[in-house]
Amino acid sequence: MRAQPKASHFIDGEYVEDAAGTVIESIYPATGEVIARLYAATPAIVEKAIAAAKRAQPEWAAMSPTARGRILKRAAEIMRERNRELSELETLDTGKPIQETIVADPTSGADSFEFFGGIAPAALNGDYIPLGGDFAYTKRVPLGVCVGIGAWNYPQQIACWKGAPALVAGNSMVFKPSENTPLGALKIAEILIEAGLPKGLYNVVQGDRSTGPLLVNHPDVAKVSLTGSVPTGRKVYEAAAAGLRHVTMELGGKSPLIVFDDAELESAIGGAMLGNFYSTGQVCSNGTRVFVQKKIKQSFLARLKERTDAIVIGDPMDEATQLGPMVSTAQRDKVFSYIEKGKSEGARLVTGGGIPNNVSAEGTYIQPTVFADVTDEMTIAREEIFGPVMCVLDFDDEAEVVARANATEFGLSAGVFTADLTRAHRVVDRLEAGTLWINTYNLCPVEIPFGGSKQSGFGRENSAEALKHYTELKTVYVGMGPVEAPY
Ligand code: NAD
């Protein structure tokens with residue numbers, strides 16, 4: 001299987017190569033096969049990308065939001081027309097099953113282009129402020145050159161979620177995908193050009209943690225939007241602060257999902273499974289601490305085990321497959337080490353914990369895993385695992401579970417399953433998280449703001465809110481009479 005792009009980088013409207021960079025091997029996680037060889041960006045490539053972005057931005061910013069939006073909407077159409085091809089590429093890049101990528105990846109990227117393309121004409125307006133005779137007005141202006149840095153779990157979605165609001169607001173972007181998933185963003189860049197985006201506005205450079213700082217520290221960069229782990233977030237934030245650059249931080253989590261004993265059981269189990277096993281558990285907002293009220297613990301676990309054991313694991317390109325491999329050997333090994341910690345610290349393994357027996361030995365597969373009797377101080381209840389490992393904890397009452405749910409440095413998401421409407425709203429009000437769900441989990445349509453609190457980051461992606469993070473206000477005071485000076 002080959003997925004070799006024309007070249008490693010996409011700069012100023014075309015593919016660009018520089019073989020002086022370190023080699024990045026793109027590995028298909030289901031088989032361990034090398035499907036493409038690319039090069040990390042050299043300083044010269046970074047310079048070229050930022051120079052193109054800087055050159056192209058002013059003219060783009062001078063266009064009307066309607067005209068910019070039209071191009072993004074055309075890109076959305078092209079993405080939908082090529083959904084199958086893009087989804088297959090996403091599956092090769094990540095190992096996620098085609099059953100998922102075909103509904104959740106390019107389509108989500110296309111939603112983003114369509115949504116921001118559509119709202120731009122109204123959402124970028126300023127205010128008129130009457131001041132008696134004088135008045136003032138505000139203008140929402142773009143920041144300039146924005147850098148996007150992506151994680152490997154949703155490569156195409158992240159490339160679009162950052163690109164769409166940045167571009168429609170009149171900025172340009174240099175996007176660096178994760179070194180684990182270098183392929184998808186190049187296609188997004190190609191499609192934007194095909195849709196009519198002027199050259200230089202959306203550039204893709206490859207690289208790893210040593211390339212990122214070249215972008216973040218560049219004096220011509222106005223903003224950095226990172227999707228990644230908390231430790232990376234700290235480094236990028238610190239580097240951006242040195243240049244007083246704007247930042248959006250979409251970081252990790254260890255989110256609570258609370259199931260009260262009056263919840264509709266099948267839905268709560270379905271929500272917990274989606275919030276732990278979708279994308280092989282590699283979702284930042286996953287509800288990995290599942291708090292189940294004691295009265296329903298046994299029935300919850302019995303049915304959860306039954307449904308988990310029925311998950312179809314296998315070839316990600318087979319439409320029947322529900323769970324694919326982990327993105328890389330390193331990530332798979334990390335998850336296994338957490339499973340070992342769970343066992344040694346006394347959690348009870350309900351199901352999973354090993355390698356499935358029906359898959360390629362070279363693939364980075366791992367069984368969907370459920371631990372019960374997990375306690376708050378166990379490592380698996382405190383640290384982000386980022387794999388298909390669900391921790392089930394018990395609780396007695398509402399006040400207790402809210403306090404325990406909040407006892408974490410993270411604050412990305414949280415969920416509540418209950419039939420009691422007032423309790424649902426009371427509990428979400430007390431949970432410390434940026435994105436919360438009642439009687440569902442992990443749904444992130446483009447219309448709603450998404451992002452974290454506490455150590456999980458700040459700034460918001462999606463919805464009109466995202467535009468605020470890619471623009472700044474210019475205030476203009478207009479004097480209508482003579483200036484009265486005391487001297
Ligand atoms: P990571 O932090 O290792 O890497 C993220 C990106 O940052 C990569 O592109 C990497 O090359 C780059 N990078 C690393 N060090 C850098 C540095 N010093 N300067 C600049 N760039 C640098 O994360 P990952 O392993 O790719 O992804 C998994 C993490 O991402 C998890 O913690 C997950 O929760 C988080 N995540 C968050 C969201 C969200 O929206 N909140 C979404 C997806 C993933």
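The values are calculated or read from the model by the stated rules, or taken from the named source; none is laboratory data. If you're wondering where the values come from, they're calculated on a predicted model, not measured in any experiment. Neighbour counts are summed over all protein chains in view; Cβ atoms, including those assigned to glycine, are modelled from backbone coordinates with ideal geometry.
Things to note:
- Total residues in region 181-217, condition part of a loop (DSSP other than H, G, I, E, B), within 16 Å of the ligand (Cβ to nearest atom) and surrounded by 22 or more Cβ atoms within 10 Å (Cβ to Cβ): 7
- Across region 393-410, the number of residues qualifying as under 25 Å from the mean Cα position of the chain (by Cα) and either surrounded by fewer than 24 Cβ atoms within 10 Å (Cβ to Cβ) or not in a strand (DSSP E or B) (or both) comes to 5.
- Index of the failed condition, Pro325 passing every other in (1) within 16 Å of the ligand (Cβ to nearest atom); (2) outside any loop (DSSP other than H, G, I, E, B): (2)
- Filter result (touching a Gly at 6+ places or on another chain (Cβ under 8 Å) and of a type in the set (Gly, Ala, Ser)) within region 445-465: Gly451, Gly452, Ser453, Ser456, Gly457, Gly459
A quick yes/no check of all residues on (1) closer than 24 Å to Glu432 by Cα; (2) touching a His at 6+ places or on another chain (Cβ under 9 Å); (3) within 12 Å of the ligand (Cβ to nearest atom); (4) β-branched (Val, Ile, Thr):
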site	(1), (2), (3), (4)
Gly243	no, yes, no, no
Thr248	yes, yes, yes, yes
Leu251	yes, no, yes, no
Phe260	yes, no, no, no
Gly271	yes, no, no, no
Gly275	yes, no, no, no
Tyr278	yes, no, no, no
Gln282	yes, no, yes, no
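- Of all residues making up region 353-373, the number that are surrounded by fewer than 22 Cβ atoms within 10 Å (Cβ to Cβ) and not aliphatic (A, V, I, L, M): 9
- Selection within region 218-257 - acidic (Asp, Glu), part of a helix (DSSP H, G or I) and under 21 Å from Ile45 (Cβ atoms): none
- When region 274-312 is filtered for residues that are within 21 Å of Ile102 (Cβ to Cβ), surrounded by fewer than 21 Cβ atoms within 10 Å (Cβ to Cβ) and touching a residue at least 60 places away in the same chain (Cβ under 8 Å), the ones remaining, listed by number, are Leu274, Tyr278.
- Options Glu400, Glu461, Glu409: the member that is within 14 Å of the ligand (Cβ to nearest atom) and farther than 22 Å from Phe115 by Cβ: Glu409
- Residue check for Glu384: within 16 Å of the ligand (Cβ to nearest atom), under 15 Å from Leu257 (Cα atoms), out of contact with any helix residue (DSSP H, G or I) (no Cβ under 7 Å at 6 or more places or on another chain) and assigned to a loop (DSSP other than H, G, I, E, B): yes
- Check on Gly148, part of a strand (DSSP E or B) and within 30 Å of Tyr28 (Cβ to Cβ): yes
- The number of residues in region 154-177 being in contact (Cβ under 8 Å) with a residue 40 or more places away in the chain and over 26 Å from Ser64 (Cα atoms) comes to 4.
- Of the residues making up region 159-175, none is in a loop (DSSP other than H, G, I, E, B), within 16 Å of the ligand (Cβ to nearest atom) and surrounded by 24 or more Cβ atoms within 10 Å (Cβ to Cβ).
- Among the residues making up region 132-153, those that are more than 16 Å from the ligand (Cβ to nearest atom) and touching a residue at least 60 places away in the same chain (Cβ under 8 Å) are Gly133, Asp134, Phe135, Ala136, Tyr137, Thr138, Lys139, Arg140, Val141, Pro142, Leu143, Gly144.
- Meets criteria (among the charged types (D, E, K, R), at pLDDT 95 or above and farther than 30 Å from Ile35 by Cα) for Glu319: no
- When residues of region 220-233 are limited to those that are over 22 Å from Lys468 (Cα atoms) and not β-branched (Val, Ile, Thr), the one nearest to the ligand (Cβ to nearest atom): Ser229
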